[in-house]
Amino acid sequence: MLIIVGKQRTGKSYFINQCILEKQEFTVGNSIHACTKGLVLLTRVFKAKNPQHENLSFLVLDTEGLGNPNSQTSSDSKVFLIALLLSSIFLFNSMHCIDEYSFQDLQVMLNLAKDIETKNQTLNQFPQFIWLVRDFALQLENQFHQKIDSKDYLEKSLEESKGVGDAIEQKNKLRRQFKHFFQDRECYVLIRPVEEESQLQHLGVVKNEQLRPEFNQQIAAIRNKIFRKSIYLTQSSPRRSTASA
């Protein structure tokens, strides 16, 4: 099972529509109000269209965005817990770049992971972690201006900071926990799907041919990687399913 989690109004439902379902199933809104409340499970089972993945089927679950001011304070923890317990691939959706605010959002999940490990719950392996960075407009390069890929970008972000102090220790602790629990991890970046603001506010009705070609190429590449990973996880770990959320 692949489950996508992230802050509200960051395009999680749109990504599932485009990348996994390849059709508009989940509602995509254009206002400040969240479209998805709680957990939304589609009653139909979807099968991958690509002949290379013809044996891959999907049970699709959409989740409420994190940080909703109108939700109960415990809702974020519940979403993270469901994702940890059910997913074989955990997809974390964030905007623009990997920054410290993103790691702080993940702190709730890391605390839950620590509790699960300490109490020896039924989760005997943690899911593959995929960090999806949306509306990415930066150059992927290192400090020497050499080109790197998105996986290198993630690993660079996980490096610990030098120095002393409570703030630095907390920052480094989050990274150590992250690397401990999610040893199988990837990162993909997606550019903004359209240039025009008017189209961005109505993505649910924008046709694929109106989207930026590079965005469509990135979506196709991520889809193939996720599908291949789902097949691999199914073959190597019978306990987990390939249902996608």
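Across the stretch 59-96, what is the number of residues that are modelled with pLDDT of 85 or more and either over 13 Å from the mean Cα position of the chain (by Cα) or of a type in the set (A, V, I, L, M) (or both)?
Residues in the stretch 59-96 being modelled with pLDDT of 85 or more and either over 13 Å from the mean Cα position of the chain (by Cα) or of a type in the set (A, V, I, L, M) (or both): 3 in total.
Out of everything in the stretch 162-187 that is open to solvent by less than 40 Å² (accessible area, probe 1.4 Å) and in contact with a helix residue (DSSP H, G or I) (Cβ under 7 Å, 6 or more places away or on another chain), what residue ends up being nearest to Tyr14 (Cα to Cα)?
The extreme case among them is Cys187.
Can you name every residue in the stretch 183-204 that is farther than 28 Å from Glu100 by Cβ and touching a residue at least 24 places away in the same chain (Cβ under 8 Å)?
Gln201, His202, Leu203, Gly204
Within the set of pairs 6+ apart or on separate chains, which have a first residue in the stretch 156-182 that is of a type in the set (A, V, I, L, M), a second that is at pLDDT below 90 and assigned to a loop (DSSP other than H, G, I, E, B), and C-beta atoms under 7 Å apart?
As it stands, the answer is Ile168/Ser161, since those pairs meet every condition given.
Sort through Leu138, Leu106 and tell me the only one that's surrounded by 12 or more Cβ atoms within 10 Å (Cβ to Cβ) and either in a loop (DSSP other than H, G, I, E, B) or on the phi < 0 side of the Ramachandran plot (or both).
Leu106
The values are calculated or read from the model by the stated rules, or taken from the named source; none is laboratory data. Treat the numbers as computed from the prediction; the structure is a model and nothing was measured. Every residue, glycine among them, receives a Cβ derived from its backbone with ideal geometry; neighbour counts consider all protein chains shown. For the accessible areas, the whole protein counts, side chains as well, though only heavy atoms, and no ligand, DNA or RNA atoms are used. Shrake-Rupley method; radii C 1.70, N 1.55, O 1.52, S 1.80 Å.
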